[in-house]
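*Asks:* I'd like to ask some things about the structure below.
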Amino acid sequence: NHLIEKPSNTSIDLTKFCSHGMDNVTLVFGNKKLRVSKEYLAIHSPVFAAMFFGDFAEKEKEEVEIKDVLYEEFLDLLQLIYPQSLEITGRSISLT
């Protein structure tokens with residue numbers, strides 16, 4: 001199941017963090033795992049930019065353990081940096 005139940009009874013679709021098949025790293029939070037894009041995280045965080053594209057061991061790993069961060073709190077961060085799904089139609093946007 002790719003949904004996590006939030007305390008407010010709303011659920012998060014975890015597949016939206018996979019960047020449509022461009023996910024290339026698994027973040028490990030204790031016994032929970034989450035597939036994400038190194039590039040997308042690096043764009044939004046200098047910490048992830050250094051971790052994935054600097055001189056750190058995580059650069060070559062397919063799984064990276066994230067310590068001292070709660071899985072649920074990291075999901076909140078991802079909710080902020082990943083865009084919401086909006087359907088673009090001729091009625092919702094006009095190019096003039």
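*Asks:* Which residues, counting only those in region 24-64, are of a type in the set (D, E) and in contact with a strand residue (DSSP E or B) (Cβ under 6 Å, 6 or more places away or on another chain)? Quick ask: steps written out before the conclusion?
*Replies:* As a first pass, look at region 24-64 and keep what is of a type in the set (D, E): 39, 55, 58, 60, 62-63.
Within region 24-64, E58, E63 qualify.
*Asks:* Let me ask something else. Does region 37-82 hold any residues that are within 16 Å of M22 (Cα to Cα), without any contact (Cβ under 8 Å) to a residue 60 or more places away in the chain and in a loop (DSSP other than H, G, I, E, B), and which are they?
*Replies:* S37, K61, E62 - these are the residues of region 37-82 that are within 16 Å of M22 (Cα to Cα), without any contact (Cβ under 8 Å) to a residue 60 or more places away in the chain and in a loop (DSSP other than H, G, I, E, B).
*Asks:* Which of the residues spanning region 1-55 are of a type in the set (A, V, I, L, M, F, W, C), at pLDDT below 65 and open to solvent by 60 Å² or more (accessible area, probe 1.4 Å)? Quick ask: steps written out before the conclusion?
*Replies:* Here is the first cut: in region 1-55, the residues of a type in the set (A, V, I, L, M, F, W, C) are 3-4, 12, 14, 17-18, 22, 25, 27-29, 34, 36, 41-43, 47-53.
Next, only the ones that are at pLDDT below 65 stay: 3-4, 14, 17-18.
The answer is L3, and nothing else.
The values are calculated or read from the model by the stated rules, or taken from the named source; none is laboratory data. Keep in mind it's a predicted model, so treat the numbers as computed, not measured. Cβ coordinates were reconstructed from backbone atoms using ideal geometry, including for glycine residues, and neighbour counts include every protein chain displayed. Ligands, DNA and RNA are stripped out before the accessible areas are found, and what is left, the full protein with its side chains, is counted by its heavy atoms. Shrake-Rupley method; radii C 1.70, N 1.55, O 1.52, S 1.80 Å.
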